Amino acid sequence: MTAAGLIAVVLLLAVTAYACAGGTDYGAGFWDLTAGGTERGRRPRWLIDHAMGPVWEVNNVWLVFVLVIMWTGFPVLFQTVFTAMWLPLALAAVGMVLRGAGFALRRPTRKLAGRRLYGAVFASASVVTPFLLGVAVGGVASERVAPGTEASADVWTGPTSLVFGLVALATTAFLGAVFLTGDARRFDAPDLVGHFRRRALGSLGALTVLAVVTGFVTHEDSPYVWRGLTQGLGLLFVVVAGACALATVWLLLRTPGTWVRVTAVGVVASAVIAWGMAQRPYLLPTSLTVADAAGAPSTLTWLAIVTLVALVVVVPAVVLLYWLDTHGELEELTDAELRRGSGTAGEGSLRDD
């Protein structure tokens, strides 16, 4: 495998990681938006806040990784995509900022009106952002983006773009519901286990329907990607995604545990990799190959070295963070615990005096 091919694989894996990790957080925001009014949505939103609190920021590491690899390893790809589709990508970036600000400010805000405002910003941005990112991916898959393409609504409003946007939204809802089902068990909230289990099954059903629709749309609008998805490695990963979906349904109908998260991630990861395999050897189907888009050989060599170092440092840290979170080691102290700790410290200082 060439250096350019290796970096392209790393780029695809980074996109996959962001789709799974970031997608789960976006999905939590989707269910926050649809939880209902203040009283009806109180319990689901409580769970979403506690489940997302320790880890939501770290998931953006994979997005930064994607952007650095695109910019450094494939500058022509970066320039082409961000020129032709600057509007949906700029709006998605604004959505990410608003989403993070809304989530961070909602919990410490004391006034009900402020909490509602920040909650609405967080939830709405969690829905709009993945849709726009999916729209951009659809624009690439539909062969509407090529070197020299000027910014135009036609580039990202075609049938493939719209259906990819809906698939992205359904995917995040599915991942969010599956993970929240497990979090409900972890936080000893049996009423919410059934609540999010039903939503996980429903969103997986919607995702399955959209996957079928995507097949028909890509057959007409994205022939190169459709051929890649129906043969070779693309078809293999499509089959793996289908098998993981069936396993997820079976596990959800039983007592959801750790393995249902694994199979749910398997559905999304396999689907993203299938898309990547379907485009080979192109980064932009039929117009820009991996070899043509690659930067200078020396740049790719150093990028490979830096990427390896980054993975050695980042991946173990992220795994440790997830492990600590799932084992309840990152729980926030309650007000009573803080007061008790403050009182103990005060008593100690008095004794020292």
Ranked by GNM mean-square fluctuation in the chain (Cα springs under 10 Å), the top entry among P281, P147, P297 is P297
Please compute the net charge surrounding L284, taking Lys and Arg as +1 and Asp and Glu as -1 over other residues with Cβ under 11 Å from its Cβ. -1
Rel. contact order, % - alpha carbon contacts under 8 angstrom, at least six apart, the chain: 22 percent
The set of residues whose placed amide H lies less than 5 Å from the amide H of T289, leaving out same-chain residues fewer than 5 positions away, is L283
What does the extension gain come out to for L67 and R110, with contour length at 0.36 nm per residue minus their alpha carbon separation? 11.8 nm
Under a Gaussian network model of the chain whose springs join Cα atoms within less than 10 Å, the largest fluctuation of A141, A310, A274 belongs to A310
Shape of segment 210-274, Cα gyration tensor, a/c cut at 1.5: prolate
Cα-centred dipole magnitude for the chain, charges only on beta-carbon of K, R (+1) and D, E (-1), debye, nearest 20: 800 debye
Given all pairs of distinct Cα atoms, segment 1-90 yields a Kirkwood Rh in Å of 15.3 Å
Hull volume in cubic angstrom per residue (convex hull over the Cα atoms of the chain): 158 Å³
With all protein chains in place and a 1.4 Å probe, E57 shows an accessible area in Å² (nearest 10) of 120 Å²
Per residue, how many Å² of accessible area does segment 1-148 show with a 1.4 Å probe? 43 Å²
Let's test the formula: R0 of 35 Å, r as the Cβ-Cβ distance of R198 and R227. What FRET efficiency results, to the nearest 0.05? 0.40
FRET efficiency for W86 and D191, Cβ-Cβ distance as r, R0 = 41 Å, nearest 0.05? 0.35
Please give me the summed charge of the neighbours of S142: other residues whose Cβ is under 12 Å from its Cβ, Lys and Arg +1, Asp and Glu -1. -3
May I ask for the net charge around S161, where only other residues with Cβ less than 15 Å from the Cβ of S161 are counted and Lys, Arg are +1 while Asp, Glu are -1? -3
Among L112, L192, L47, the residue with the largest mean-square fluctuation in a Gaussian network model of the chain built from Cα contacts under 10 Å is L112
Just check segment 62-186 against the gyration tensor rule for me: Cα atoms, a ≥ b ≥ c as the square roots of the eigenvalues, rounded for a/c under 1.5, and otherwise prolate or oblate depending on whether a/b exceeds b/c. prolate
Please work out whether segment 55-105 counts as rounded, prolate or oblate from its C-alpha gyration tensor, where a ≥ b ≥ c are the square roots of the eigenvalues and a/c under 1.5 means rounded, while otherwise a/b larger than b/c means prolate and anything else oblate? oblate
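The values are calculated or read from the model by the stated rules, or taken from the named source; none is laboratory data. Owing to the predicted nature of the structure, the values given are computational and were not obtained by experimental measurement. Here the Cβ is made from the backbone with ideal geometry for all residues, glycine too, and neighbour counts use every protein chain on show. Heavy atoms of the whole protein, side chains included, go into the accessibility calculation; ligands, DNA and RNA do not. Shrake-Rupley method; radii C 1.70, N 1.55, O 1.52, S 1.80 Å.
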